[in-house]
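A quick write-up on the structure given underneath.
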Amino acid sequence: MIAQRTLKTLTRAVGVGLHSGARVELTLRPAAPDTGIVFRRTDLNEPVTLPARATSVSDTRRASTLSSGGVKVSTVEHLMSACCGLGIDNLLVDITAEEVPILDGSAASFVYLLQSAGLVQQNAARRFLRVTRPVEVRQGEGRHLKWARLEPYHGFKLGFEIEFEHPAVSASGQRVEFDLGSGQYAREIARARTFGFARDVEALRSQGLALGGGLDNAIVMDDVKVLNADGLRFADEFAKHKILDAMGDLYLVGHPMLAAYSAYRSGHALNNLLLRELLAQPDCYELISFESERSAPRGFAQLAAAW
Ligand SMILES: [Zn+2]
């Protein structure tokens, strides 16, 4: 059986929110089978629970934000990506502010935290969401066109193309493909950082955004080059970060997905729209589990055995 997984023990991190700049403590705790990934705002008088679900996403400007009755947790996508990449089904995420800490701007710190705590298999089968018919969303036309698509695939793979007119991005390759069954998530995807422009930082800060952002937690560019002293972590780090984000956004469907995702200039908003479109069409997906490891997609049983 391919079993559900959670943490072996709890683990903690302290950081700042990318947009709020506020100090935030994060505690990751083991959770029972079929809990899913659940955020809890523990700084409020009455702690508020926010399950990580596509239908709870309320704001997708620059990050994916979950809301419940006026209470928010924002920038969930990098932690969600790490959970997807490591195959974690059940997790309680206690957080003391509105925003998940940005840490180094990638999912690498979350991967390190989760791996250090260790993972355990649970006595329940993983329930995969298998896409059975193509689903697509499109926005804009011409140079404003964006789209994202899910198609049936025995496994989980993603292809992402960005179109960014900037010398550093053009030089870096704008299309990346990644197959989760390769077992290379931690090495190839998790370390890719978020990115932005120095000239936007001032405008964002005047709106109270990007207050915690800087060269320690983002790739920052001027009009011609990357400003970080150490340069890029990968030649194609920009497109790889979009794969990282998409994995986090898609994991909000509440299950590991069996599908081929492809996207052109998509982002948090369109990824969320794609999930809502999928969930609105029950004939386009089914929930399945694998009683034998042999029937699971390539690499998935190894991913389980690694823990
Ligand atoms: Zn991101």
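Residues of region 42-84 that are part of a strand (DSSP E or B), away from the ligand (no atom under 16 Å from the Cβ) and under 15 Å from VAL24 (Cα atoms): LYS72 alone. Criterion applied to VAL48, VAL16 was being touching a Pro at 6+ places or on another chain (Cβ under 7 Å) and modelled with pLDDT under 95, and the one residue passing it is VAL16. Taking (1) aromatic (Phe, Trp, Tyr); (2) within 14 Å of the ligand (Cβ to nearest atom); (3) over 21 Å from the mean Cα position of the chain (by Cα) in turn, PHE197 satisfies each apart from (2). Filtering region 244-284 to residues that are in contact with a helix residue (DSSP H, G or I) (Cβ under 8 Å, 6 or more places away or on another chain), away from the ligand (no atom under 16 Å from the Cβ) and among the charged types (D, E, K, R) leaves only ARG276.
A residue that is under 13 Å from the mean Cα position of the chain (by Cα) and either part of a loop (DSSP other than H, G, I, E, B) or within 16 Å of the ligand (Cβ to nearest atom) (or both) can be found somewhere in region 86-97. For first residues located in region 217-246 and over 17 Å from PHE156 (Cα atoms), partners that are of a type in the set (Asp, Glu) and surrounded by 14 or more Cβ atoms within 10 Å (Cβ to Cβ) and lie 6+ apart or on another chain with Cβ distances below 7 Å form the pairs ASN217/ASP104; ILE219/GLU237.
For TYR251, the test of being hydroxyl-bearing (Ser, Thr, Tyr), part of a strand (DSSP E or B), within 21 Å of the chain's Cα centre (by Cα) and surrounded by 20 or more Cβ atoms within 10 Å (Cβ to Cβ) is failed. Could you tell me whether LEU50 is without any contact (Cβ under 8 Å) to a residue 24 or more places away in the chain and open to solvent by less than 20 Å² (accessible area, probe 1.4 Å)? Yes: the conditions hold for LEU50.
Which ranges mark the strands (runs of 3 or more DSSP E) fully within region 107-169 that have 3 or more residues being open to solvent by less than 20 Å² (accessible area, probe 1.4 Å)? In region 107-169, the matching strands (runs of 3 or more DSSP E) lie at 128-131, 156-161. Determine whether GLU25 is of a type outside the set (Gly, Ala, Ser) and away from the ligand (no atom under 16 Å from the Cβ). When the stated conditions are applied, GLU25 passes them.
Looking for something open to solvent by 40 Å² or more (accessible area, probe 1.4 Å) and over 30 Å from SER116 (Cβ atoms) - is there at least one such residue anywhere in region 226-237? Scanning region 226-237, I find at least one residue that is open to solvent by 40 Å² or more (accessible area, probe 1.4 Å) and over 30 Å from SER116 (Cβ atoms), so the answer is yes. Working carefully through the options ARG126, ARG130, ARG143, find the one that is in contact with a helix residue (DSSP H, G or I) (Cβ under 9 Å, 6 or more places away or on another chain) and either closer than 30 Å to PRO33 by Cβ or modelled with pLDDT under 95 (or both). After ruling out the rest, the residue left standing is ARG126.
Pairing residues of region 281-307 that are at positive phi with residues that are at pLDDT 90 or above, at Cβ distances under 6 Å and at least 6 apart in sequence or on separate chains, gives GLY299/GLY181; GLY299/GLY183. Can you report the number of residues in region 207-219 which are under 22 Å from ALA171 (Cα atoms) and more than 14 Å from the ligand (Cβ to nearest atom)? Summing the residues that are under 22 Å from ALA171 (Cα atoms) and more than 14 Å from the ligand (Cβ to nearest atom) in region 207-219 gives 1. Restricting the first member to region 76-101 and to residues that are free of Cβ contacts under 8 Å to residues at least 12 places away in the same chain and under 24 Å from ALA301 (Cα atoms), and the second to residues that are within 16 Å of the ligand (Cβ to nearest atom) and not small (Gly, Ala, Ser), no beta-carbon pair is closer than 9 Å while six or more apart or on different chains. Assess whether ARG276 counts as being in contact with a Lys or Arg (Cβ under 9 Å, 6 or more places away or on another chain) and either surrounded by fewer than 24 Cβ atoms within 10 Å (Cβ to Cβ) or among the β-branched types (Val, Ile, Thr) (or both). Taking the combined requirement at face value, the residue does not satisfy it. When CYS84 is tested against (1) closer than 29 Å to SER182 by Cβ; (2) open to solvent by less than 10 Å² (accessible area, probe 1.4 Å), only condition (2) is not met.
The values are calculated or read from the model by the stated rules, or taken from the named source; none is laboratory data. This structure is a prediction, so every number in the text was calculated from the model and none was measured. We place every Cβ from the backbone using ideal geometry, glycine too, and count neighbours over all the protein chains shown. Only protein heavy atoms, including side chains, enter the accessible area calculation; ligands, DNA and RNA are left aside. Shrake-Rupley method; radii C 1.70, N 1.55, O 1.52, S 1.80 Å.
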